[in-house]
Amino acid sequence: MTGYYLDEEILQPLWDFLEHPYGDMNFKSLLGACLENFFIACSDDMADAQSEDNFKNESGANSWEYLSNGKLFN
């Protein structure tokens with residue numbers, strides 16, 4: 001994921017509110033929704049970065065090879 005993705009996630013509740021305002025929303029609640037979206041996106045991004053699939057993709061993209069004991073082959 002990129003920084004742009006995280007920017008979009010933090011702003012999504014704001015865009016949703018501007019498109020369809022609802023009466024019980026105040027600034028504090030809207031800011032809380034923005035931060036909650038951001039922290040969920042950060043958590044998902046971190047989980048993705050630490051996944052086995054990401055490891056395989058990064059290794060393949062960088063042509064990294066490993067020995068049978070798991071050490072990086074230089």
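For the stretch 21-74, how many residues meet the condition of being over 25 Å from residue 8 (Cα atoms) and either touching a residue at least 12 places away in the same chain (Cβ under 8 Å) or among the basic types (Lys, Arg) (or both)?
2
Does residue 59 satisfy being over 17 Å from the mean Cα position of the chain (by Cα) and either surrounded by 10 or more Cβ atoms within 10 Å (Cβ to Cβ) or at negative phi (or both)? Can you show your working first?
Values: over 17 Å from the mean Cα position of the chain (by Cα): yes; either surrounded by 10 or more Cβ atoms within 10 Å (Cβ to Cβ) or at negative phi (or both): yes.
So residue 59 fits the description; yes.
Just checking, how many residues over the stretch 1-35 are within 29 Å of residue 58 (Cβ to Cβ) and surrounded by fewer than 13 Cβ atoms within 10 Å (Cβ to Cβ)?
So in the stretch 1-35, the residues within 29 Å of residue 58 (Cβ to Cβ) come out as 1-12.
Filter once more, keeping what is surrounded by fewer than 13 Cβ atoms within 10 Å (Cβ to Cβ): 2-5, 7.
So the answer is 5.
For the stretch 30-71, give me each residue that is over 21 Å from residue 6 (Cβ atoms) and not in a loop (DSSP other than H, G, I, E, B). Quick ask: steps written out before the conclusion?
Initially, the stretch 30-71 is screened for residues over 21 Å from residue 6 (Cβ atoms), giving 52, 55-56, 59-71.
Within the stretch 30-71, 52, 55, 56, 59, 60, 61, 65, 66 meet the criteria.
Read-outs throughout are calculated quantities, based only on the coordinates presented, and are distinct from any laboratory measurement. None of these values were measured; they are calculated from a predicted model. Every residue, glycine as well, gets a Cβ built from its backbone with ideal geometry; the counts of neighbours run over all protein chains shown.
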